[in-house]
Amino acid sequence: MPTRIRPLATILLLVLAAATGDTVPVDWAMVAKIREEGLQHSQVMEYESYIADVLGARLTNSEDMQRAQLWLEGTMKQIGLVGVAAEPFMDYGVTWDNEYVSLQMLEPDYAPMVAYPIAYTRGTDGRQVAQAVIVDVQVRGDLEKYRGTLRGMAVLSTPPAPIDMTPLINGVPRRTQAELDSLQRVVIAPARPAPPRAVRNPELLTPEEKLAFFQAEGVTVVLQCESGWLGAVRGYGRPGARADGWSRLGMLASPVVVAVTPEHYNRMYRILKRGIPVKVEVEVRNRIGEQVEQAANVVGEIPGTDLKDQVVIIGAHFDTWQASPNASDNTSGVAVALEAMRILKVVGARPRRTIRVVLWGGEEQGLFGSRAYVNQHFGNPFDSTVGVKPGYEKLSVYFNQDYGPGQYQGIYLQGNEQARAMLTAWMAPFADFGMTVVSNQSVGSTDHVSFDEVGLPGFQFLQDRVPGGGGHTNLDFYDTVPGQDLMKNAVVMASYAYHAAMADTRVPRKSVR
Ligand SMILES: [Zn+2]
């Protein structure tokens, strides 16, 4: 009776299909140990506090960073990791460290100003007092009206920055259930409209040209404010620093450049606009290294057993910008990765594959540490100058945290449908954390990209948005990092690393393009 058998066969097939979809095993006994250690005996905020409070800011290739990496190596050894090392990845120019900064308005009213030097710039010759002046140079023709008038001046070089009040009015938009649902359900990313082609006015001055002009004119200090975030100083590296290879010459040939909070900057600007003179006192001491040094990633591992030449990597970037410890970006990711390794050691994990933690350098300047590491250890099949290294077949997967300190609510598949079954199954023990979303979307701007772009499985967790956290400002400290979120994240990170290290197969890769 074929007509009656067919529905039965179909049902059987469906049952079988459902069963095979469930065959990715979850080691609930190990998950229990990991949860117990990570939730009841967590050390994650100890790591967070030591790094953010004691070590502080860690600009790539600063003496601050070198000191911090020594601590990191010591801590990895304390945890019981082996093969602990700082692996140099490139010549990274000379070191740059800010030792001291002070900016005061002296007239018409005394006021201390909150300000930080832009990285890779030089300091002042001691304490300087200078008249402030608004300078608006956009195109070449603008230079003439200022030429010969700026010697010894404190230049307000950017327009006033309107302050953005929306975070105060609306609060921080936590992810809503509707948003999480849509992250899961929107499986075909809407085509992005091509950005309009900017027609660049050849007369327009580049940031490098503006700085060169100020330097040639002998200004005392270039003041700037490029963001209207409340109370926050935002400002990174000197334009042109990367092009000159973070060279000592480039740093010494730069003017002194100081970024100021919008409130303080705008106040000086408004006074000057009234025609009332503003006098400031400024002192900046930046320590600039003598010779080119190598920047490094720091690695440590738990060796595998029968598949020990294969590797599962977890990580986060250890480097920061210079104006705060960057407790959220990305001290929080580092604390989670360290804590995940500590948990695995404490519960006595004996992974089949080697589990390695790599804490990157050079991320903030453009993923330099992770890209160099991937090229060196795994290679790149899409770049014949790099080629494929034997290690390429030995990597199972890389897991990254770098979207702030909020708790994991899911994971982005990065378009890797082949990995869906594994990454989904391993999420099951964390439904009570609210970790439920598998989004097939691809996300960028951090170190998993270095793996994904060469065809290796690299993933970033989908994280909640949380209040606080300075986003590369002077305001990113321990106080606003949510400890419970980091505890949960370390548990998840440890469990994912463990399951990937124990699986019968590597985490599958995307089909070859
Ligand atoms: Zn980051």
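Results, tabulated for the structure shown:
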| item | result |
| --- | --- |
| Qualifying positions in segment 78-87 - assigned to a strand (DSSP E or B), of a type outside the set (Gly, Ala, Ser) and surrounded by 15 or more Cβ atoms within 10 Å (Cβ to Cβ) | VAL84, GLU87 |
| The one condition in (1) assigned to a strand (DSSP E or B); (2) exposed (fewer than 11 other Cβ atoms within 10 Å of the Cβ) that ALA178 fails to fulfil | (1) |
| Count of residues meeting criterion [in contact with a His (Cβ under 8 Å, 6 or more places away or on another chain) and more than 13 Å from the ligand (Cβ to nearest atom)] in segment 345-368 | 1 |
| Lone unmet requirement of (1) away from the ligand (no atom under 16 Å from the Cβ); (2) among the hydrophobic types (A, V, I, L, M, F, W, C); (3) surrounded by fewer than 20 Cβ atoms within 10 Å (Cβ to Cβ) for PHE378 | (3) |
| Test: residue in segment 254-268 that is surrounded by 14 or more Cβ atoms within 10 Å (Cβ to Cβ), among the small types (Gly, Ala, Ser) and touching a residue at least 60 places away in the same chain (Cβ under 8 Å) | yes |
| Top-ranked residue in segment 307-344 [being near the ligand (Cβ under 10 Å from one of its atoms) and acidic (Asp, Glu); ranked as surrounded by the fewest Cβ atoms within 10 Å (Cβ to Cβ)] | ASP329 |
| Checklist (1) in a helix (DSSP H, G or I); (2) away from the ligand (no atom under 16 Å from the Cβ); (3) among the hydroxyl-bearing types (Ser, Thr, Tyr) applied to SER450, failing item | (2) |
| Cross-chain or 6+ apart pairs with Cβ under 8 Å, segment 449-461 first and under 22 Å from SER495 (Cα atoms), then among the acidic types (Asp, Glu) | GLY458/ASP447; GLY458/ASP452; GLN460/ASP402 |
| Scope segment 457-513; condition touching a helix residue (DSSP H, G or I) at 6+ places or on another chain (Cβ under 9 Å), part of a loop (DSSP other than H, G, I, E, B) and hydrophobic (A, V, I, L, M, F, W, C); matching residues | VAL466, PHE477, VAL481, ALA503, VAL507 |
| Test for GLU453: is it among the acidic types (Asp, Glu) and either over 27 Å from TRP321 (Cα atoms) or in contact with a Pro (Cβ under 8 Å, 6 or more places away or on another chain) (or both) | no |
| Failed item in (1) within 24 Å of ALA52 (Cα to Cα); (2) in contact with a Lys or Arg (Cβ under 7 Å, 6 or more places away or on another chain); (3) away from the ligand (no atom under 16 Å from the Cβ), with GLU283 passing the rest | (1) |
| Qualifying residue in segment 5-20 (condition: modelled with pLDDT of 90 or more and part of a helix (DSSP H, G or I)) | no |
| Residue within segment 457-467 that is farther than 30 Å from TYR50 by Cβ and either of a type in the set (Val, Ile, Thr) or surrounded by fewer than 18 Cβ atoms within 10 Å (Cβ to Cβ) (or both) present | no |
| Hits in segment 209-239 (condition: free of Cβ contacts under 8 Å to residues at least 40 places away in the same chain and within 27 Å of the chain's Cα centre (by Cα)) | PRO239 |
| Residue in segment 453-475 that is farthest from the ligand (Cβ to nearest atom), counting only those that are among the polar types (S, T, N, Q) and farther than 26 Å from THR23 by Cα | ASN474 |
| Selection status of PHE399, surrounded by 18 or more Cβ atoms within 10 Å (Cβ to Cβ), under 25 Å from the mean Cα position of the chain (by Cα) and over 24 Å from GLN484 (Cβ atoms) | no |
| Residue identified as of a type in the set (S, T, N, Q), in contact with a His (Cβ under 8 Å, 6 or more places away or on another chain), modelled with pLDDT of 95 or more and over 18 Å from PRO25 (Cβ atoms) among ASN375, ASN400, ASN380 | ASN400 |
| So LEU143, is it over 19 Å from LYS279 (Cα atoms), of a type in the set (A, V, I, L, M) and exposed (fewer than 11 other Cβ atoms within 10 Å of the Cβ) | no |
| Test: residue in segment 426-443 that is without any contact (Cβ under 8 Å) to a residue 60 or more places away in the chain, under 24 Å from PHE318 (Cα atoms), within 16 Å of the ligand (Cβ to nearest atom) and assigned to a loop (DSSP other than H, G, I, E, B) | yes |
| Residue match in segment 298-318 (condition: closer than 24 Å to GLY74 by Cβ and either polar (S, T, N, Q) or modelled with pLDDT under 95 (or both)) | no |
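The values are calculated or read from the model by the stated rules, or taken from the named source; none is laboratory data. As the structure is a prediction and not an experimental result, all values here were calculated from the model. Positions of Cβ are backbone-derived with ideal geometry, glycine not excepted, and every protein chain shown enters the neighbour counts.
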